[in-house]
1. Give me the pairs: first residue in segment 95-115 and closer than 11 Å to Ile126 by Cα, second residue open to solvent by 50 Å² or more (accessible area, probe 1.4 Å) and part of a loop (DSSP other than H, G, I, E, B), beta-carbon distance under 6 Å, and six or more apart or on different chains, which are they?
2. Among the residues of segment 56-74 satisfying the criterion of being open to solvent by 50 Å² or more (accessible area, probe 1.4 Å) and hydroxyl-bearing (Ser, Thr, Tyr), which is nearest to the ligand (Cβ to nearest atom)?
3. Take Ile113 and tell me if it is surrounded by fewer than 19 Cβ atoms within 10 Å (Cβ to Cβ) and within 11 Å of the ligand (Cβ to nearest atom).
4. Can you pull out the helices (runs of 4 or more DSSP H) entirely within segment 1-102 that have at least 1 residues that are farther than 17 Å from Cys114 by Cβ?
5. Answer with yes or no whether His77 is within 12 Å of the ligand (Cβ to nearest atom), surrounded by 12 or more Cβ atoms within 10 Å (Cβ to Cβ) and on the phi < 0 side of the Ramachandran plot.
6. Based on what the data block shows, is Glu53 of a type in the set (Asp, Glu), surrounded by 13 or more Cβ atoms within 10 Å (Cβ to Cβ) and touching a residue at least 24 places away in the same chain (Cβ under 8 Å)?
Amino acid sequence: MDKIEHIGIAVNDIKEANLVFKSILGKLHYKTEYVESEDVLTSFFDLGESKIELIESNNKDHTISKFLNSNKSAIHHIAIKVSDIYFEIQRIKKEGIRVLNEIPKQGADNQLICFLHPKDTLGVLIELCQEK
Ligand code: ZN
């Protein structure tokens with residue numbers, strides 16, 4: 001595994017959150033993208049070695065909405081960059097850690113993604129990412 005690719009932060013209002021993070025980081029997000037495979041709206045801020053991803057769902061039954069519950073925003077997941085996601089999925093499964101999707105999905109920002117089962121990662125949601 002290479003580095004933290006991004007930190008995903010769930011938010012209730014991505015427009016408001018974009019402004020807050022613009023103030024914090026001193027720069028605009030470089031893209032907004034609807035991710036069909038996850039049914040979420042995302043925006044990305046470049047932080048040199050890694051990125052911050054803001055995630056919003058309009059669906060109150062979505063896992064993002066349930067995760068936020070009454071919080072305004074919260075760190076949702078940590079994404080780790082890998083060079084071979086297929087290899088890492090097999091390696092991690094052999095360690096006894098389940099994955100949420102055996103076949104990598106098309107994620108935001110031109111990445112193949114796979115989430116690890118939070119029950120096997122001490123409750124921390126970890127996403128593997130490989131740039132396409
Ligand atoms: Zn992510």
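The values are calculated or read from the model by the stated rules, or taken from the named source; none is laboratory data. Model, not experiment: these values are computed from the prediction. We place every Cβ from the backbone using ideal geometry, glycine too, and count neighbours over all the protein chains shown. We work out accessible area using only protein heavy atoms, side chains counted, and drop any ligands, DNA or RNA first. Shrake-Rupley method; radii C 1.70, N 1.55, O 1.52, S 1.80 Å.
1. Note: pairs meeting the criteria are Phe115/Leu100.
2. So the residue we want is Thr63.
3. So Ile113 does not fit the description; no.
4. 14-25, 63-68
5. Yes; evaluated as a whole, the condition is true for this residue.
6. When the stated conditions are applied, Glu53 passes them.
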